[in-house]
1. So, in the range 264-303, how many residues would count as being over 17 Å from the mean Cα position of the chain (by Cα) and either in a loop (DSSP other than H, G, I, E, B) or within 23 Å of A228 (Cα to Cα) (or both)?
2. Of L217, L261, which residue is at pLDDT 95 or above and within 26 Å of the chain's Cα centre (by Cα)?
3. May I ask you to list pairs of residues, at least six apart or on different chains, whose Cβ atoms are under 9 Å apart, with the first in the range 168-193 being closer than 20 Å to D48 by Cα and without any contact (Cβ under 8 Å) to a residue 24 or more places away in the chain and the second being of a type in the set (S, T, N, Q) and not in a loop (DSSP other than H, G, I, E, B)?
4. Across the range 134-152, which residue is surrounded by the most Cβ atoms within 10 Å (Cβ to Cβ) among those that are more than 17 Å from Y90 (Cβ to Cβ) and free of Cβ contacts under 8 Å to residues at least 24 places away in the same chain?
5. Give just the number: which of (1) closer than 22 Å to A228 by Cα; (2) not in a strand (DSSP E or B) does V321 not satisfy?
6. Is it the case, given these coordinates, that S232 is closer than 21 Å to Y145 by Cβ, assigned to a loop (DSSP other than H, G, I, E, B) and not charged (D, E, K, R)?
7. Determine, yes or no, whether I276 is loosely packed, with under 12 Cβ neighbours inside 10 Å, free of Cβ contacts under 8 Å to residues at least 60 places away in the same chain and of a type outside the set (S, T, Y).
8. Filter the range 180-193 down to the residues that are assigned to a strand (DSSP E or B) and surrounded by 16 or more Cβ atoms within 10 Å (Cβ to Cβ) and list them by number.
Amino acid sequence: MKGLFRNSTSLVLVITTVFMTISCENESAEEISPQVTKLTESKLISFDKIEKMTARGIPGEMLHRGQKVTGVASEKQTGRLYSGEGATYYFYGTVNDGDHAETNLNGELNFDITYYGDVFKALRGTYVSGNGEVSQARGAILADYTVYLILELPDNTLLRGIGYANPDNGGIIGNFDMYTTDSTKSTGTWLANVKEILTPKETIVDILASDSRFTELVSALEETEISATLKSDAPYTVFAPTNNAFDMIGILPDGDALRDLLLHHVVEGKFDTRAIHNRMIFSPLFGEDITIGFNSTLFTVNDTVQIIHSNVETANGYIHVIDAVLIK
């Protein structure tokens, strides 16, 4: 838990000042030169690990806009579905030193969330430059607001950026290293302001029903009529046990006992890992409070249950996938 929010006060003040004073939509790159305190890697997961994971694809990863699947669609190829969560950003970068100093990068970043990990969301999409060149873009948004960005630019130029997301408006500010084929390295700063946010249209129950890992949970929700509640507009956060988690407890109870057990996994309100980390203790719709922890690798519930996939956003809340059933 203690390792999540260690960005310095001065960095936060710099970031807040920049976001308050810069409006990207109508300014040229020459007018944007944010002075960013050097951002470092998150303690949650390294940049290199994210780069390797996203370079080869993550089992269970979902489709993103424009991706086509050929041949037989396996779960690894398609994931469970297109999540519908993503964003388009106005992107501005300035090379501050090195052989390409004073070069500006202007364009748009188009990202979809294609994987929900324990402490990060994987990003895939494109970077479209001002002259229309399209490059592959990937990276991750971490639970502590750190953003990793990888752009595969023309002429085998690679940009590796680390940023910090503003929790209030979603904008990102950061720095980057840029490598070219002639082994030169340049460094610079970048800014991404939100142009458009894409939110999922599917409800909590829709998302769960689309995933074969939750057949027992969905069946129980339907049997107890809780599914109607989780299809409503009111926001909820669900800690969702997998089929394997249900198998570990043997025979499920029925009637009111089953309903109470399921309600113990539902919290009113929409909470991602950043929010649950800040609050730590939650009152479910039934039973005793549940406590959120962090064991330096994974988020936990009540100390022993692990959140194995987090921040699955839906039209009416969040799903956090857990590896065991919570005892009420």
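1. The total comes to 19.
2. L217
3. D177/S186; D177/T187; Y179/T157; Y179/S186
4. E152
5. Status for V321: all satisfied but (2).
6. Considered against the rule, which asks whether it is closer than 21 Å to Y145 by Cβ, assigned to a loop (DSSP other than H, G, I, E, B) and not charged (D, E, K, R), S232 comes out as no.
7. no
8. Selection gives S186, G188, T189, W190, L191, A192, N193.
The values are calculated or read from the model by the stated rules, or taken from the named source; none is laboratory data. Because the structure is a prediction, the values reported are computed rather than measured. For neighbour counting, all protein chains shown are included, and Cβ atoms are generated from backbone atoms with ideal geometry for every residue, glycine included.
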